[in-house]
Every structure is written in C-alpha cells, then in structure tokens.
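Taken together, the values in this text are just the output of simple stated rules run on the coordinates, not laboratory data. Keep in mind it's a predicted model, so treat the numbers as computed, not measured. So basically every Cβ, Gly included, is an ideal-geometry build from the backbone, and we count neighbours across all protein chains shown.
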Amino acid sequence: MTSNSFPRAPSHLQKKTVQVLLRGGQSLEGNIHIPEGLPLLNFLGGKRYFLNLTSVRKTGATAAEEPVDHLSLRLSNLVWVIPMDVTLHVSNAASPADSSRTVELQLVDGLTLSVNLEVAEEQRMSDFLDANPGFLPLWSARVIDASRTIERLAVNQEAILAIREVKGGFSEE
C-alpha cells in the first residue's frame, strides 16, 4: 500500500496562541494545538480535565525568561481563555440579532465582567448558562474596575459565581 492510499485525517493540527487566566490571578500565554477550523469552545468542550499548552510564558514576561516547553493546566482552575490569533474563532454559533441584554458576571477572585448577551427576552439567564456548559463565549466583555475590554474570550462556567441583569446596559467609554 502506498502512502497516498492511506486515509487522511479529517484535519491537521494548527498551533494557535491563547492567553489563560488562572484562579488566583496568574495569567499565562502559550500555544494550543487545535484541529484546523475547530472553534475554541468545541476544542475546550472536548477536554475532560486538562488543557495542554506549549511554549508557555507568564503574560508580560521578558524575552530573557525561558518558556516552559509543555504545561498541563486543570480546566477547573481556568477562569478564561482568550484567543490571541484572529483566525481562531471562539464559537461557530450565530447570535440572534434582535435581542440583547446587558449582564454582569461575577467571577472568582473578585472579577466582574459586564457584557451584552444575545438572549431572548423571555429566557432566564440560568437557562441560557445551562444551555452552554463548559465555557461561555463572550464578545466585548468589559472588566469592571480595570478599564479593559476583552474583544473575544471563553469564560469557564466553573468560574462564574453569579449573573445579574443590568437595566439600561453599559456605555462604551
């Protein structure tokens, strides 16, 4: 049998840079190896207990600091994962354009995110969260008390302590 007659894998792995925030506030940057075209949420949803990263550095580390070649992080200790590569999509789900509700997500370690969620008016927030197990895709999330907006991220459901709807929403600063 020639090498051309072997079945080919459905896709090949691509190295994509992500930034992760751990409980306790430590932030790391490293590479995941993800099948081509697979969104971040699907990739994370396929993990049971650990996320593997390669070429890992503390965020803001100097070039003189040697990266860790390989690190496995327990998923339950992740607060969020931010794709640093614009070609890595957070989710492949399309958001309904007709309804948006502003909510605050209270996370572990005193973090609070303000974000607009595309949730139907009659849907309860708890039902929305239950329908998105594992990691929740967010866009344009404002970190309260940090004057920082994160354009795309996946928040670990285990890091969410509470969610509350904010009447009137938030304004862009």
Per-pair calculated FRET efficiency, R0 = 22 Å: residue 58 and residue 109 via Cβ, rounded to 0.05: 0.85
Relative contact order of the chain, pairs being alpha-carbon contacts under 8 Å that are 6 or more residues apart, as %: 21 percent
Between the range 102-120 and the range 19-86, the alpha-carbon center distance in angstrom: 22 Å
Burial ordering of 155, 90, fewest other beta-carbon atoms within 10 Å first: 90, 155
Order of 34, 160 - criterion: other Cβ atoms within 10 Å of each residue's Cβ, fewest first: 160, 34
Cα-based Kirkwood hydrodynamic radius, the range 101-165, one decimal, Å: 11.9 Å
Choice from 54, 87, 149 with maximal GNM fluctuation in the chain (Cα, 10 Å cutoff): 87
Karplus-derived HN-Hα couplings along the range 126-135 (A = 6.51, B = -1.76, C = 1.60, θ = phi - 60°), whole Hz, x at Gly and Pro: 5, 5, 4, 5, 5, 7, 10, x, x, 10
Cβ-Cβ FRET estimate between residue 27 and residue 99, R0 fixed at 30 Å, reported to 0.05: 0.35
19 Å Cα-Cα reach of residue 47 towards lysines, excluding residues that sit fewer than 8 places from it in its own chain: 15, 16
Cα gyration tensor shape for the range 13-83, rounded if a/c is under 1.5, else prolate or oblate: oblate
For residue 45, net neighbour charge (Lys/Arg +1, Asp/Glu -1) across residues whose Cβ lies under 15 Å away: 0
Low-density loop cleavage sites - chymotrypsin sites (Phe, Trp or Tyr not before Pro) in the range 41-101, where at most 15 other Cβ are within 10 Å (DSSP): 49
Sparse-neighbour loop sites [chymotrypsin sites (Phe, Trp or Tyr not before Pro); the range 116-166; at most 10 other C-beta within 10 Å; DSSP]: none
Distance between modelled label sites at residue 68 and residue 160, nm, 7 Å Cα→Cβ extension: 2.8 nm
Fewest-first ranking of 58, 167, using other Cβ atoms within 10 Å as the exposure measure: 167, 58
Kirkwood Rh in Å, taken over the chain so that all alpha-carbon pairs contribute: 17.5 Å
Point-charge dipole on Cβ atoms (K/R +1, D/E -1) for the chain, about Cα centre, debye to 20: 520 debye
